[in-house]
Amino acid sequence: MKQNKVIIVGGGLVGSLAACYFAKRGWVVELYEKRPDPRDPENLGTRNLRSINLAISTRGLSAINRLSPEVEKKVMDIVLPMYGRMIHNLDGSTAGQAYNVFGKAINSVDRGRLNEILLDECETFEGTKVFFEYSLEKCDMDAKTATFKNLKTGEIVSTSGDLVIGADGVHSVTRRFLQYYTKVNFEQVYIDHGYMEFEMRAKDGQFQMAKDHLHIWPRKTFMLIALPNLDKSFTCTLFMPWSKFNSIKTEEDLNTFFKENFPDSIPLFGQEEINLYFTNPKGSLCYIKCSPHHYKGNAVIVGDASHCTVPFYAQGMNCGFEDIEVLDTLLCQQAAPLINSKDAEQCQNVKTSSLTSDQIESALINYSACRPRDSASMIDLAMHNYIEMRHSVNTLSYKMRQWLEGKLYSIMPNTVIPLYTMVSFSKISYTDATKKWNRQTKALQSMVSVFSKLSFITAATLLIRYSGPRMGLRMPSISEIVKIFRK
Ligand SMILES: Cc1cc2nc3c(=O)[nH]c(=O)nc-3n(C[C@H](O)[C@H](O)[C@H](O)COP(=O)(O)OP(=O)(O)OC[C@H]3O[C@@H](n4cnc5c(N)ncnc54)[C@H](O)[C@@H]3O)c2cc1C
């Protein structure tokens with residue numbers, strides 16, 4: 001029987017998950033990664049240094065669960081749940097804001113360890129080979145042939161297969177070739193803010209702050225956040241406009257900046273760590289939207305290669321993992337049209353490794369019909385959430401809406417769903433979540449408007465009733481009240 005072969009470019013989080021999925025479905029898998037093997041202790045310094053930890057939530061976990069509940073358990077063994085935000089105010093006071101009225105949590109996970117679990121898992125399949133220190137140089141998408149450079153020896157190797165998957169991140173070379181082979185609409189935007197990381201070490205073997213929250217110091221135009229690690233430290237990220245970064249030139253500027261904005265964090269970091277401001281790398285932030293994500297039945301891009309986002313909804317990797325779940329669902333639909341391909345259990349033993357190229361193309365057409373739109377919605381939500389995290393979380397109107405939505409959600413959980421819950425704790429598509437949220441916003445605005453008018457009329461009625469005769473006022477007629485309502 002025919003056994004398809006997939007060539008996966010990039011062994012980061014999304015590429016290694018894709019390798020596991022294709023291996024499970026019976027494909028011969030070749031995974032090529034530019035960096036050295038991160039599991040080799042000699043290569044510790046060459047790890048991907050972008051965000052040491054990140055938050056994994058329902059979409060990411062669902063994709064891992066569909067692959068294997070055992071792998072999900074391995075991941076859950078290394079996470080720290082965060083049940084809400086802990087807001088650090090300027091005066092040093094803190095205030096918790098739960099993420100969900102039913103106590104759901106997002107999970108802080110070490111990027112490197114998660115990557116290692118997935119690489120280990122894909123190598124348990126006989127037909128899988130992982131090549132480290134191989135960089136994609138060229139991709140002939142008609143011939144389904146990829147050419148790599150061995151970065152240790154300089155040797156050039158070519159390999160052909162039935163499908164090429166580009167999971168090579170924000171600066172994807174695969175995407176560049178996709179743009180050459182087909183008409184790809186493309187948008188890349190660098191935002192005016194950058195980021196850098198600090199480490200808040202454990203003290204006396206203990207966490208220095210509550211470990212079950214994501215900590216935020218919102219300062220309107222910038223913010224500091226902190227996520228807990230298993231070794232009881234926190235990885236803290238400062239997001240700030242470049243102009244502000246550039247204005248801090250001396251140690252004195254730096255100390256003033258911390259004293260004015262994050263005074264409570266100074267003893268927790270210690271001066272030595274704060275001084276690393278001048279040497280720690282600073283990263284830029286951009287988003288990329290493109291469409292379509294595929295070329296014929298021959299190639300497809302996934303993860304950051306197809307939808308890099310700013311990290312403010314903690315959805316980049318989650319959305320990338322969801323890409324792989326969706327792709328698998330669509331391939332299973334082709335291989336076993338009589339079962340519900342969304343149902344992980346029903347698909348448990350489905351093999352997609354003998355699909356024809358026409359069937360693969362049908363799956364990829366369906367993939368590009370939904371993922372570019374959904375990932376673009378995710379990016380818009382992330383851009384919006386930056387304002388929420390650094391500013392709105394501290395405003396009265398935000399707190400009132402949160403409270404009202406939370407109450408309505410606990411009474412009618414299928415009718416009113418807070419946006420954060422739809423994005424982080426459900427698998428409602430990002431596009432549908434955005435639409436539902438816009439509808440909810442309108443409905444809530446109308447409710448608040450009716451409520452304010454009713455309160456005004458009640459107050460006016462009481463005033464006229466009890467003080468009216470003294471003040472020469474009379475009760476309005478019903479038609480006059482209706483007129484006020486219509487206004
Ligand atoms: C500060 C920050 C915080 C974040 N926090 C979160 C969070 O909390 N939750 C969340 O879901 N997401 C978060 N993200 C986003 C998340 O990091 C990315 O969405 C995720 O890493 C994407 O995975 P990927 O595998 O698509 O790409 P990458 O992780 O970038 O992996 C791509 C891989 O391809 C390899 N590669 C590149 N070029 C080639 C080539 N030519 N040949 C071979 N291999 C190649 C690279 O070496 C790399 O290993 C955050 C991002 C940042 C910057």
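The values are calculated or read from the model by the stated rules, or taken from the named source; none is laboratory data. Everything numeric in this text was worked out from a predicted model, so none of it was measured. No Cβ is skipped: glycine too gets one built from the backbone with ideal geometry, and neighbour counts run over all protein chains shown.
Couple of notes before you dig in:
- Yes/no for D77 being within 13 Å of the ligand (Cβ to nearest atom) and surrounded by fewer than 19 Cβ atoms within 10 Å (Cβ to Cβ): no
- Among the residues of region 99-149, those identified as assigned to a helix (DSSP H, G or I) and within 9 Å of the ligand (Cβ to nearest atom) are R111, N115.
- I481 surrounded by 10 or more Cβ atoms within 10 Å (Cβ to Cβ), over 30 Å from N414 (Cα atoms), of a type in the set (A, V, I, L, M, F, W, C) and touching a Leu at 6+ places or on another chain (Cβ under 7 Å): no
- Of everything listed in (1) within 7 Å of the ligand (Cβ to nearest atom); (2) polar (S, T, N, Q); (3) surrounded by fewer than 24 Cβ atoms within 10 Å (Cβ to Cβ), the single unmet condition for Q315 is (3).
- Wholly enclosed helices (runs of 4 or more DSSP H) of region 397-487 bearing at least 1 residues modelled with pLDDT under 75 and within 30 Å of M378 (Cα to Cα): 430-471
- The selection criterion, being touching a residue at least 24 places away in the same chain (Cβ under 8 Å) and not assigned by TED's automatic domain parsing to the domain that holds M76, holds for Q206.
- Test: V302 is more than 28 Å from G205 (Cβ to Cβ) and in contact with a Phe, Trp or Tyr (Cβ under 6 Å, 6 or more places away or on another chain): no
- Matching residues in region 1-30 - criterion: being of a type in the set (V, I, T) and assigned to a helix (DSSP H, G or I): V14
- A residue that is polar (S, T, N, Q) and in contact with a Pro (Cβ under 7 Å, 6 or more places away or on another chain) can be found somewhere in region 216-232.
- Single residue of R39, R35 found to be near the ligand (Cβ under 9 Å from one of its atoms), among the charged types (D, E, K, R), closer than 29 Å to A226 by Cα and in the same structural domain as E361 (by TED's automatic domain parsing): R35
- Residue among D323, D374, D328 that alone is touching a Phe, Trp or Tyr at 6+ places or on another chain (Cβ under 7 Å), part of a helix (DSSP H, G or I), in the same structural domain as E72 (by TED's automatic domain parsing) and surrounded by 21 or more Cβ atoms within 10 Å (Cβ to Cβ): D328
- Any hit, region 327-350, residues being within 16 Å of the ligand (Cβ to nearest atom), over 30 Å from C236 (Cβ atoms), under 17 Å from the mean Cα position of the chain (by Cα) and aliphatic (A, V, I, L, M): no
- Condition met for K407 (closer than 21 Å to V101 by Cα and exposed (fewer than 13 other Cβ atoms within 10 Å of the Cβ)): yes
- Strands (runs of 3 or more DSSP E) lying entirely in region 153-216 (those with 2 or more residues that are under 25 Å from R373 (Cβ atoms)): 163-166, 185-200
- Close contacts from region 284-295, counting a first residue that is basic (K, R) and a second that is surrounded by fewer than 21 Cβ atoms within 10 Å (Cβ to Cβ) and assigned to a strand (DSSP E or B), with Cβ to Cβ under 9 Å and a gap of 6+ residues or different chains, come to K289/N185; K289/F186; K289/E187; K289/Q188; K289/V189.
- Residue within region 185-192 that is under 22 Å from the mean Cα position of the chain (by Cα), crowded, with 18+ Cβ neighbours inside 10 Å and more than 10 Å from the ligand (Cβ to nearest atom) present: no
- T235 surrounded by fewer than 24 Cβ atoms within 10 Å (Cβ to Cβ), within 16 Å of the ligand (Cβ to nearest atom) and outside any helix (DSSP H, G or I): yes
- Any hit, region 198-206, residues being near the ligand (Cβ under 10 Å from one of its atoms) and either buried (at least 17 other Cβ atoms within 10 Å of the Cβ) or under 22 Å from P281 (Cβ atoms) (or both): no
- Test: residue in region 265-275 that is away from the ligand (no atom under 13 Å from the Cβ) and among the small types (G, A, S): yes
- Number of residues in region 238-254 that are more than 15 Å from F198 (Cα to Cα) and in a helix (DSSP H, G or I) equals 8.
- The test for being loosely packed, with under 13 Cβ neighbours inside 10 Å, modelled with pLDDT under 95 and either in a loop (DSSP other than H, G, I, E, B) or not assigned by TED's automatic domain parsing to the domain that holds S68 (or both) holds for K220.
- Hey, H307 surrounded by fewer than 17 Cβ atoms within 10 Å (Cβ to Cβ) and not assigned by TED's automatic domain parsing to the domain that holds T434 or not: no
- Selected residue [exposed (fewer than 14 other Cβ atoms within 10 Å of the Cβ), free of Cβ contacts under 8 Å to residues at least 40 places away in the same chain, closer than 24 Å to M82 by Cα and of a type outside the set (K, R)] from M400, M412, M422: M400
- Residue match in region 274-289 (condition: under 26 Å from S93 (Cβ atoms) and aliphatic (A, V, I, L, M)): yes
- Residue that is nearest to the ligand (Cβ to nearest atom), among those in region 161-177 that are over 18 Å from F132 (Cα atoms) and touching a residue at least 12 places away in the same chain (Cβ under 8 Å): V170
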